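What follows is a single structure, written as structure tokens, with notes after it.
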Amino acid sequence: MVFRSSFQHQPLVLKVAKGRGPEGMRQVAAAGQEVADEFGVLTAVGQHPNVVRAFAVLTSSLGRPALLLEAATESLRAATRRLKDDRVSWPTNRKTLLPFFQQFLLGLSYVHGRSFLHLDIKPGNILVFNDVRAAVADFGLAQKVVQDGCSVIGSRAYSEAFRCPECLLAADSQVRVTFAADVWAAAVTFFETFCPPKTSLWKVSPQTFVRETEDHCQVCSRHGHSAFGQSDAVRQDHAPGAREVVRAGKTEAVSCHLPGSD
């Protein structure tokens with residue numbers, strides 16, 4: 001839950017965590033640890049114009065912990081929806097979102113440079129400030145990278161539509177991911193932001209697609225045929241500049257370009 005506030009004329013937000021534990025004091029304790037962990041990550045990452053700024057951890061008179069953050073105007077997801085509502089001007093208006101996406105990439109690159117994986121990249125976690133600045137936000141799942149990666153439960157990292165094949169295939173099991181997992185989610189974020197209205201990257205659910213792709217690759221492997229070219233996970237008919245490929249259940253290189261942005 002997020003509540004707006006202010007201090008000395010500076011707009012702020014209070015992000016109140018929801019505990020995952022049982023009801024009662026254990027739930028409050030769990031929520032408090034989540035808030036403290038996120039604040040710890042943001043403190044370790046350090047300040048950057050394109051990373052949301054956290055000021056403090058507060059506790060209400062009822063014992064509910066909250067993270068005090070700078071206040072954004074809207075999320076990239078909200079800005080995209082607002083512009084897509086006008087389908088006639090969308091082809092032109094979408095270019096105004098490109099600087100925000102570029103700034104998000106700068107922020108994500110900085111986070112990676114500080115040896116952290118975000119693990120929840122999506123348009124809703126990219127904040128826009130007064131149509132001028134964009135910043136990566138919501139570090140509740142972020143982890144420190146050790147030896148170029150970290151271990152996660154596949155179904156708990158990222159939202160499903162932005163989840164890399166390794167996590168989709170792992171489901172409720174543990175899997176080791178690298179910075180490529182964040183890059184995959186960033187590529188899907190690019191598509192979701194700049195694709196035409198009423199368009200979706202996935203024709204079926206990501207989990208279903210990756211499972212079917214894995215089965216298809218195994219069959220082709222047994223028969224000595226290549227499955228590449230038949231198992232692309234992307235809708236290229238609507239966004240020819242955005243391409244993400246699933247091959248044998250592994251994340252491969254991503255190349256993104258917004259047509260007409262040169």
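The values are calculated or read from the model by the stated rules, or taken from the named source; none is laboratory data. Since the model is a prediction, treat every value here as computed from it, not as a measurement. Here the Cβ positions follow ideal geometry from the backbone for every residue, glycine too, while neighbour counts run over all protein chains shown.
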Check: Tell me, which residue of region 98-120 that is small (Gly, Ala, Ser) and more than 14 Å from the chain's Cα centre (by Cα) is surrounded by the fewest Cβ atoms within 10 Å (Cβ to Cβ)?
Finding: Gly113
Check: Among the numbered criteria (1) in contact (Cβ under 8 Å) with a residue 40 or more places away in the chain; (2) surrounded by fewer than 21 Cβ atoms within 10 Å (Cβ to Cβ), which single criterion is violated by Pro123?
Finding: (2)
Note to self: Being among the acidic types (Asp, Glu), out of contact with any His (no Cβ under 7 Å at 6 or more places or on another chain) and surrounded by fewer than 20 Cβ atoms within 10 Å (Cβ to Cβ) is the requirement here; does Asp131 meet it?
What the structure shows: yes
Margin query: Given the options Arg4, Arg77, Arg53, Arg94, name the one that is at pLDDT 85 or above, in contact with a strand residue (DSSP E or B) (Cβ under 9 Å, 6 or more places away or on another chain) and within 20 Å of Phe190 (Cβ to Cβ).
Written below: Arg77
Next item on the list: Mind listing just one residue for me: the one in region 196-212 that is of a type outside the set (Gly, Ala, Ser) and within 19 Å of Leu97 (Cα to Cα) and, of those, nearest to the chain's Cα centre (by Cα)?
Entry: Leu201
Notebook entry, point to check: Of the residues that make up region 45-52, is at least one surrounded by 13 or more Cβ atoms within 10 Å (Cβ to Cβ), under 17 Å from the mean Cα position of the chain (by Cα), in the same structural domain as Gly113 (by TED's automatic domain parsing) and in contact (Cβ under 8 Å) with a residue 24 or more places away in the chain?
Noted result: no
Notebook entry, point to check: Which condition does Val136 not pass, out of (1) touching a residue at least 40 places away in the same chain (Cβ under 8 Å); (2) touching an Asp or Glu at 6+ places or on another chain (Cβ under 6 Å), if it passes all the others?
Noted result: (2)
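In this structure, does Pro65 turn out to be free of Cβ contacts under 8 Å to residues at least 60 places away in the same chain and assigned by TED's automatic domain parsing to the domain that holds Pro11?
yes
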Check: Among the numbered criteria (1) farther than 24 Å from Glu160 by Cβ; (2) in contact with a helix residue (DSSP H, G or I) (Cβ under 9 Å, 6 or more places away or on another chain), which single criterion is violated by Thr92?
Finding: (2)
Note to self: Just to check your reading of the model, which residue among Phe228, Phe209, Phe179 is at pLDDT below 90, surrounded by fewer than 21 Cβ atoms within 10 Å (Cβ to Cβ), aromatic (Phe, Trp, Tyr) and within 22 Å of Leu119 (Cα to Cα)?
What the structure shows: Phe209
